[in-house]
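Novice: The structure follows.
The values are calculated or read from the model by the stated rules, or taken from the named source; none is laboratory data. Quick caveat, the model's predicted, so the values are computed rather than measured. Cβ sites come from the backbone with ideal geometry, for glycine too, and all protein chains shown count toward neighbours. The protein model used for the area step is the full one, side chains on, heavy atoms only, and it has no ligands, DNA or RNA in it. Shrake-Rupley method; radii C 1.70, N 1.55, O 1.52, S 1.80 Å.
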Amino acid sequence: SGNHDLNDFSKESVPCDSIDIGANCWLGANSVILPRVKLLPGTIVGAGSVVTRGFGIGNIVAAGNPAIIVRRRSE
């Protein structure tokens, strides 16, 4: 993940905290995952959603801005 340096606009990108995406996750088109978020295995993120935090469980469907759990998937 990366961000912009607000003190030096000539820098294209500066590193920031990581994003952890587990196995078998699916991210919908134009979704945004913010730094420090950990998505556990089997998480689906709806199109256009903004994920601001991890959910602590996997096999879920999350959507919205900010994203919330909208469904728990059966395994």
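Novice: Pairs please, first residue from segment 60-75 and on the phi > 0 side of the Ramachandran plot, second anywhere and outside any strand (DSSP E or B) and crowded, with 18+ Cβ neighbours inside 10 Å, Cβ atoms under 7 Å, 6+ apart in sequence or on different chains.
Specialist: Within 7 Å, the pairs are Gly64/Ser49.
Novice: When the residues of segment 57-68 are filtered to those that are part of a loop (DSSP other than H, G, I, E, B) and open to solvent by less than 70 Å² (accessible area, probe 1.4 Å), which remaining residue is farthest from Leu6 (Cα to Cα)?
Specialist: By that ranking, first place goes to Asn59.
Novice: Please enumerate the residues belonging to segment 24-48 that are touching a Gly at 6+ places or on another chain (Cβ under 8 Å) and under 16 Å from Arg73 (Cβ atoms).
Specialist: Result: Asn24, Cys25, Gly28, Leu39, Leu40, Pro41, Gly42, Thr43, Ile44, Val45, Gly46.
Novice: To continue, here is another question. Which residues, taken from segment 18-37, are closer than 13 Å to Ala63 by Cα, open to solvent by 60 Å² or more (accessible area, probe 1.4 Å) and in a loop (DSSP other than H, G, I, E, B)?
Specialist: Result: Ala29, Asn30.
Novice: Mind checking which pairs have a first residue in segment 2-31 that is within 19 Å of Val50 (Cα to Cα) and a second that is among the charged types (D, E, K, R), Cβ under 6 Å, 6 or more apart or different chains?
Specialist: Filtered contacts from segment 2-31: Asp17/Arg36; Asp20/Lys38.
Novice: Please enumerate the residues belonging to segment 1-17 that are assigned to a loop (DSSP other than H, G, I, E, B) and open to solvent by 60 Å² or more (accessible area, probe 1.4 Å).
Specialist: Those that are assigned to a loop (DSSP other than H, G, I, E, B) and open to solvent by 60 Å² or more (accessible area, probe 1.4 Å): Ser1, His4, Leu6, Asn7, Phe9, Ser10, Lys11, Glu12, Ser13, Asp17.
Novice: I'd like the residue in segment 38-56 that is part of a loop (DSSP other than H, G, I, E, B) and open to solvent by less than 60 Å² (accessible area, probe 1.4 Å) and, out of all such residues, is nearest to Gly22 (Cα to Cα).
Specialist: By that ranking, first place goes to Leu40.
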